[in-house]
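Structure first, then comments.
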Amino acid sequence: MKVDQTREAVTMKVAEKRRWKILLVAGATMALVAGMVSTLPSAYAGGTIKANDDQWISIGMGIRTKLSAVQDGQANGEGYGTNFGVDNARVYINGKIHKYVGFTFNTECFNCAVGGGPGFAGNSNMGLIDAIGKFEFNDLLNLWVGRTLVPGERGELNGPFYHAVYEGFKTPFNSADFSGNFGAGGAGVYGRDNGAVLWGSILNKHLSYAASVFTGLRSGSGLTGGPNQQGSLLYAGRVTYNFFNIEDNPGYYTSGTYYGTAGHILAIAGGINYQADGAGATVNKSDMTVLVADVLWELPLGKDMQGGVITVNGEFKQYSAGYNTAVAFAAAPGDCFCMFRGQSYTMYALYLIPGEIGIGRFQPYARYTYIDPDQSTIRDEIEFGTNYIISGHNARISAFYQYGDIATKSLFNWAPGAAGADVSAFKLALQLQY
């Protein structure tokens, strides 16, 4: 009788766990559909199902879409070509299963902006962008493992949704962003790679760090397989010092502005990416080193920001790789991982005007970007525009004008003599997330 009672108790316990899992999944789905009010920090956007403080799951979503009118952008190379496009469409899933253990699972529409294969809906496929196991113990030491952002400059760690401007990525890409896939010939996607990141902070959170190791560039075998045939790993790190108020972001991620809500911010940072044989071609390979430095200064003016908010972002990047550009670009297709070599910088200033007009506030800005490759042509761009801030990074409309040759010469073509004209572009964009 005692054995039967024990079995019955175990059976009931298992059934209870199954019911809880079913309710959790159903509730999470309802949270996504109904948009439940979250009890978590805004960094984890979306609706939340909460068992207790140490067990919860949240689901959110984000979209970024724009209308572009680009000079000489018609199919015949004349006039202004106009286009509606979706740049990002993401689903966010975050949660905790233990006081010190959590997870993130995010998806992205990879080809919505650039176009995909010729098959049905080939330009609308959704895929995995983040899959992170999180061991978060204290301010000093934490560990994330899985597929996550490679530490680098602030612009990369902002991601598209937390930049101060709509088109944040205007400087050359690090390997995980320059690449278009994982596996042979690839080094990651959208700045993500598979690896592990130690991160934390000291000095009352004023000094923060991230130290990591990732798979990095993978190469195939043979005479045209690519430069990294011995399988070296990529190492990346970043250190940031906040002089005044402390930035509050998930993990080692960053933001390009806090719209004054974080108070007076002055953050100066430096970082490095390094991989042996991380650039070039099979018989013309070299190590790859990227050094970055960036600064964010944000100052609310007057009591309760009555005088508005000033925001300034600056970024410098130096890429070093010893491969011969002319020889590498002459290699067989797919053999050369021909990353940028040289230096670049971008600077932009924004002013958040006090007082709402309608349902939001205007934030005019100006930006300049300059790119100087070692063995390719210089490219630059000026940008003027205004953001209309409805709900911080969660609801924002942007209208802006660009003039330069970054788009026509590309951020992926560093061949000698790369050509492209200076063109004008007018863009109207919308960003929403929850």
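Filter the trypsin sites (Lys or Arg not before Pro) in region 126-165 down to the DSSP loop ones having no more than 16 other Cβ atoms within 10 Å, then list what survives. List each step's numbers first, then the result.
Working: sites: 134, 147, 154; in loops: none.
When the trypsin sites (Lys or Arg not before Pro) of region 126-165 are filtered for loop state and at most 16 Cβ neighbours within 10 Å, nothing remains.
Between residue 356 and residue 421, what length comes free when the chain is fully extended (0.36 nm per residue of separation minus the Cα-Cα distance, one decimal in nm)?
Using 0.36 nm per residue and subtracting the Cα-Cα distance, I get 19.4 nm.
What net charge do the residues around residue 188 carry, taking every other residue with its C-beta under 9 Å from that of residue 188, with Lys and Arg at +1 and Asp and Glu at -1?
Numbers: positive: 147, 192; negative: 177, 193.
Neighbour charge sum, excluding residue 188 itself: 0.
Considering only C-alpha atoms, what is the centroid distance from region 346-408 to region 203-262, in Å?
If we compute the Cα centre of each part, the gap is 24 Å.
DSSP loop GluC sites (Glu not before Pro) in region 343-434 with at most 15 other Cβ atoms within 10 Å of their Cβ, which ones? Intermediate results must be reported in sequence, preceding the final value.
Details: sites: 356, 381, 383; in loops: 356.
Filter output for region 343-434: 356.
Among 360, 269, 321, whose Cα sits farthest toward the positive end of the charge dipole of region 247-360 (+1 at Cβ of Lys/Arg, -1 at Cβ of Asp/Glu, about the Cα centre)?
Selected residue: 321.
Rounded to the nearest 20 debye, what is the charge dipole size of region 61-109 about its Cα centre when +1 sits on each Lys and Arg Cβ and -1 on each Asp and Glu Cβ? Could the numbers behind the result be given before it?
Details: 5 positive and 4 negative charges, 112 e Å.
Here region 61-109 has a charge dipole of around 540 debye.
Using only the alpha-carbon atoms, how far is helix 2-34 inclined from the longest principal axis of the chain? Give it as 0 to 90 degrees, nearest 10.
The answer is roughly 40 degrees.
Past 32 Å, Cα to Cα: identify those pairs from 205/317; 66/409; 99/170; 99/205, in the order given.
Numbers: 205/317 25 Å; 66/409 21 Å; 99/170 39 Å; 99/205 21 Å.
Checking Cα-Cα distances, 99/170 exceed 32 Å.
If the viscosity is 1.002 mPa s and the temperature 20 °C, what Stokes-Einstein diffusion coefficient in µm²/s follows for region 174-240 when Rh is the Kirkwood radius over Cα pairs? Could you put the intermediate results ahead of the total?
On the way: Rh = 13.0 Å.
Roughly 164 µm²/s, to the nearest whole number.
Starting from 0 in steps of 10 Å, tell me what percent of the Cα-Cα pairs of region 44-113 lands in each bin.
In whole percents, the pair-distance histogram is 19, 29, 20, 15, 10, 6, 0.
Under the rule of at least 5 residues apart or a separate chain, name every residue whose amide H is placed under 5 Å from the amide H of residue 251.
Answer set, sorted by chain and number: none.
Give me the percent of accessible area attributable to carbon and sulfur for region 145-192, probe 1.4 angstrom.
Carbon-and-sulfur percentage of accessible area, whole number: 57.
Please give the contour-minus-distance gain from residue 97 to residue 434: 0.36 nm per residue of separation, less the Cα-Cα distance, rounded to one decimal in nm.
Numbers: separation 337, 0.36 × 337 = 121.32 nm, distance 2.21 nm.
Stretched fully, the residue 97-residue 434 segment lengthens by 119.1 nm.
Give me the aspartates and glutamates in straight-line cross-link reach of residue 134: C-alpha distance below 17 Å, same-chain residues under 8 apart excluded.
Counting by Cα, and skipping residues close in sequence, residue 134 has these aspartates and glutamates nearby: 53, 54, 193.
Which value at 222 nm does the chain reach when only helices count, each DSSP H run of 4 or more adding -39,500 (n - 2.57), with the total divided by all residues and rounded to the nearest 500 deg cm²/dmol? Write down the numbers at each step before the final one.
Details: 5 runs with 51 residues, N = 434.
Rounded to the nearest 500, the figure is -3500 deg cm²/dmol.
For residue 327 and residue 67, what is the calculated FRET efficiency with R₀ set at 51 Å and r taken between the beta-carbons, to the nearest 0.05? The partial results should precede the final answer.
Details: r = 42 Å, r/R0 = 0.83.
Computed FRET efficiency for residue 327 and residue 67: 0.75.
Accessible surface of residue 61 in the full protein assembly, 1.4 angstrom probe, to the nearest 10 Å²?
Looks like 100 Å² after rounding.
Report the trypsin sites (Lys or Arg not before Pro) located in region 78-108 that are in a DSSP loop and have at most 16 other Cβ atoms inside 10 Å of their Cβ, or state none. Could you put the intermediate results ahead of the total?
Working: sites: 90, 96, 99; in loops: 99.
Taking region 78-108 and a limit of 16 other Cβ atoms within 10 Å, the loop trypsin sites (Lys or Arg not before Pro) found are 99.
Given a 1.4 angstrom probe, what's the average accessible area per residue across the chain, in square angstrom?
Working: 20070 Å² over 434 residues.
Per residue, the chain has 46 Å² of solvent-accessible surface.
Quick one: putting +1 on the C-beta of Lys and Arg, -1 on the C-beta of Asp and Glu, what dipole do you get for the chain around its Cα centre, in Debye to the nearest 20?
Working: 31 positive and 34 negative charges, 292 e Å.
The dipole of the chain has a size of about 1400 debye.
For Cα extents along the principal axes in Å, several values are listed as [x] 85, 62, 52; [y] 67, 65, 36; [z] 131, 58, 40; flag the one computed from this structure.
Matching entry in [x] 85, 62, 52; [y] 67, 65, 36; [z] 131, 58, 40: [x].
Could you compute Rg(Cα) / (2.2 N^0.38 Å) for region 287-361, with N its residue count?
Working: Rg = 21.2 Å, N = 75, 2.2 N^0.38 = 11.3 Å.
For region 287-361, the normalised Cα radius of gyration is 1.87.
The values are calculated or read from the model by the stated rules, or taken from the named source; none is laboratory data. The model shown is predicted, which means the values in this text are computed figures rather than measured ones. When we count neighbours, we look across all protein chains shown, and the Cβ atoms used for this are built from the backbone with ideal geometry, even at glycine. Just so you know, the surface numbers come from the protein's heavy atoms only, side chains and all, with ligands and any DNA or RNA stripped out. Shrake-Rupley method; radii C 1.70, N 1.55, O 1.52, S 1.80 Å.
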